[in-house]
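All remarks here apply to the structure that follows.
The values are calculated or read from the model by the stated rules, or taken from the named source; none is laboratory data. Bear in mind the structure is a predicted one, so any value in this text is a computation, not a measurement. Every residue, glycine as well, gets a Cβ built from its backbone with ideal geometry; the counts of neighbours run over all protein chains shown. Just the protein is used for accessible areas: all its heavy atoms, side chains included, with ligands, DNA and RNA removed. Shrake-Rupley method; radii C 1.70, N 1.55, O 1.52, S 1.80 Å.
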Amino acid sequence: GGTMKRRAGEREKELKKKKLLEELGENRLPYLTPADADFHQLWKTKYSKLIFRKSDTVPEELHQMVQESFLTLREHNCFFQDLVRIKGKDFLTPVSRILIGNPGCTYKYLNTRLFTVPWPTEGYDIKYCSPQIRDACKALMRLNDYLHIEAMKALQGQNFFETEEVKGTTVIDREQNVATSLTEQGSVSKDQSSVCVPEDDRSLKNRTSYNLTLLNYMDPLQMLYLKQEPYFGMGSMAVSWHHDENLVERSTVAVYSYSCEDSAVEESHEQEPTGRDMAVWHVGLKVAWDIETPGLAIPLRQGDIYLMLDDLNMTHQHCVLAGLSPRFSSTHRVADCSRGTLDYILGQCELALQNLQTGSDSMALSLKSLEAAVVKQVEEVHNEVEFEWLRQFWFQGKRYLKCTDWWLKPMAKLEEFWRKMEIMPSLVLSEVRKEQQIEEQRNETVSCLLLLLKERQMRRKEWTAR
């Protein structure tokens, strides 16, 4: 049911996109940059949940740590292009990525599951391939803590200004004013654990407690082809228009941007009379499926930060517009890990294997229940551990062995569980053949099992083809 709904939603989006492009024809929608007179007014009215922080508002020490960590990870060849699946076809992403975050967390996008390189977390034994990689992960954990506090302050600011409108200030100004006033009042501590939130404490903290960051790297001059932005004519895109997937509802996304600009590139490209400076990286924003509201293209300089607050990620779409220099970004997210953590899948496997029992001679295996509902639950877990975890990991996850071997033991444990589940369908069939089984129950159990076996066979063929 979920898959069919998702496919229907994707088809609907494609039709909307096609219709929009047909309506536009050769025309392009207007978009604004900071050089345009109406830019800040548009931002305030249509994009107020986008918060921007210039690099000089961020502590210099943090800049240095984070930027060194990007370069370290690149030197150790830790950025990888992902093979993603769109409409049944595989594509390599133009951007190279690595996922860093809480131990045991994963993040899924475009049918590809990424496995975190764990940042150094108290209580976990994490061995890194080098001290430099450990330091890089630690620096990104520090950035994560900093962005959590900044996002909390930004949400407080948003709530404050919803009740007390301040006239004549831009979104950037008003947000910084709130952050300053809150800090001066002492209501926001630098210690993450003691951040004071006046309104809906738990909800605000949950929506800003980032459990991972997806790091991106791209050198546009090494790319043979980059897609052109289709609606506004904004130029080459590193990342097409999208909503970020697999996030906790209304959670904030925080992005730290670092483009390796060289002064010659900056000086030789002045702002063009209209539109964006194509030498400089930008983030593009638009209201989803809206051909009335102009888009925004906001330049990203070394160390700039932007936050997408509350439901902005759902009501709007964003893209990344390529400049000329190589660029890194660290995109911090509250990933929806309800079905995406190691603890979750280990728990599911243990639950499924409760139906397997060993005989008195310690060799003979049998099943506790042949009820269709129990068989269905076991085989669904069987499929989940094989296709969402084991195959996903060995298909692309083993690349992360360049950073750490942390995932090898958990994967060995999941394989052990999977092997036991591989025995269970034949045990079901041998049991239902026995005469004491009531025919109606037998038919229900066999029908249920066959459906899931067919699905498994079909998905194995797909993976073999990949």
Close pairs from the range 293-318: first more than 16 Å from Pro230 (Cβ to Cβ), partner among the hydroxyl-bearing types (Ser, Thr, Tyr) and open to solvent by 20 Å² or more (accessible area, probe 1.4 Å), Cβ under 7 Å, at least 6 apart
Leu296/Tyr31; Arg301/Ser55; Gln302/Ser55; Gln302/Tyr258; Gly303/Ser55; Gly303/Tyr258; Asp304/Ser55
Can you confirm whether the range 342-361 contains a residue that is of a type in the set (A, V, I, L, M, F, W, C), part of a strand (DSSP E or B) and within 27 Å of Ala154 (Cβ to Cβ)?
no
Leu71, sole failed condition from (1) open to solvent by 30 Å² or more (accessible area, probe 1.4 Å); (2) farther than 19 Å from Ser259 by Cα; (3) of a type in the set (A, V, I, L, M, F, W, C); (4) modelled with pLDDT of 95 or more:
(2)
Val378: in contact (Cβ under 8 Å) with a residue 24 or more places away in the chain, among the aliphatic types (A, V, I, L, M) and either open to solvent by 80 Å² or more (accessible area, probe 1.4 Å) or not assigned by the TED database to the domain that holds Lys138 (or both), yes or no?
yes
For the range 24-73: of the residues being among the basic types (Lys, Arg) and under 18 Å from Val255 (Cβ atoms), which is nearest to the chain's Cα centre (by Cα)?
Lys49
Could you go through the range 429-438 and let me know if any residue there is over 38 Å from the mean Cα position of the chain (by Cα), in contact (Cβ under 8 Å) with a residue 24 or more places away in the chain and not in a helix (DSSP H, G or I).
yes
Of all residues in the range 435-466 being surrounded by fewer than 14 Cβ atoms within 10 Å (Cβ to Cβ) and acidic (Asp, Glu), the one that is nearest to Leu390 (Cα to Cα)
Glu462
Candidates Leu324, Leu370, Leu351, Leu365 - the one that is open to solvent by 30 Å² or more (accessible area, probe 1.4 Å) and not assigned by the TED database to the domain that holds Arg456:
Leu324
Matching entry among Phe417, Phe387 (being closer than 22 Å to Asp90 by Cβ, among the aromatic types (Phe, Trp, Tyr) and under 31 Å from the mean Cα position of the chain (by Cα))
Phe387
